[in-house]
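Presented below is the structure to which this report refers.
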Amino acid sequence: MSRIGKRPVDLPSGVTATVSGQTVEVKGPKATRSFKATDDVTISVEDNVITVAPRGKSKRARQQWGMSRTMVANLVAGVTDGFKKELEIQGVGYRAQLQGNTLKLNLGLSHDVNFEVPEGVKITVPKPTEIIVEGTDEQLVGQVAAEIRDWRKPEPYKGKGIRYKDEYIFRKEGKKK
């Protein structure tokens, strides 16, 4: 029995959901998002509550039950509040700036990194050492933040690089004479 799948997803005020076949479409103040579930689950909307139930008792149906409920909950959270990842840049001379739809990163490489901001994601740079990635799709926001971080991951000796705001870097002691 899925503990996650059993819980219904409440729709806040201003959010509507429609189910047609296996596709759930959620409209909210920020955007309209949809998710196509597998045939192993049944999705229904009643009284501002979305419920997900498995079809049958197969292992795959039970696996898809919790995952589908989480995907629907993420749709609702995305169209109401949105998702946000904050990145910090640490290192002498490391900085970021936004020029139109391009994020320019100076990361100590022989060249500047130009990162094109994909559709559906909003990037802001409040300080030269802070990057905020926002959007309605949790997967896309996380993917963009991970791609930016991949240009210069934090290293364990000096801690230089791009890290998530709440990330802890385990520091190592340097070489001794």
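Each Cα pair under 8 Å and six or more residues apart adds its sequence gap; the mean of these over the residue count of the chain is a relative contact order of 18 percent. Using C-alpha pairs under 8 Å with a sequence gap of at least 6, the mean separation divided by the residue count of the stretch 3-80 gives a relative contact order of 37 percent.
Size descriptors for the chain, from the alpha-carbon set: Rg then Dmax equal 20.8, 71 Å.
Projecting the Cα atoms of ALA61, LEU105, LEU11 onto the charge dipole of the stretch 1-128, computed from C-beta unit charges around the Cα centre, puts ALA61 farthest toward the positive end.
Could you work out the relative contact order of the stretch 83-164, using alpha carbon pairs under 8 angstrom and six or more residues apart, expressed as a whole percent? RCO, the stretch 83-164: 36 percent. Multiplying the residue separation of ILE4 and GLN22 by 0.36 nm and removing their Cα-Cα distance gives an extension gain of 4.6 nm. Annotation: Cα Rg of the stretch 3-80 relative to the compact-globule expectation 2.2 N^0.38 Å equals 1.02. Residues ASP40, ASP166, ranked from the fewest to the most other C-beta atoms within 10 Å, line up as ASP166, ASP40. If the chain linking LYS84 and ASN106 were pulled fully straight, counting 0.36 nm for each residue of separation and taking away their Cα-Cα distance, it would gain 5.6 nm. Between THR70 and LYS175, what's the calculated FRET efficiency when r is the beta-carbon distance and R0 is 41 Å? Round to 0.05. Taking R0 as 41 Å, the efficiency between THR70 and LYS175 is 0.35. Pairs with C-alpha atoms separated by more than 26 Å, drawn from the list LYS127/LYS160; LYS104/LYS172; LYS36/LYS84; LYS27/LYS59; LYS6/LYS85, are LYS104/LYS172; LYS27/LYS59; LYS6/LYS85.
Each part gets one Cα centre, and for the stretch 30-59 versus the stretch 88-161 those centres are 35 Å apart.
FYI, it's all coordinate maths here, none of it is from the lab. Everything quoted here is computed from the prediction, not taken from an experiment. Note that each Cβ is placed from the backbone with ideal geometry, even for glycine, and that neighbours are counted across all protein chains shown.
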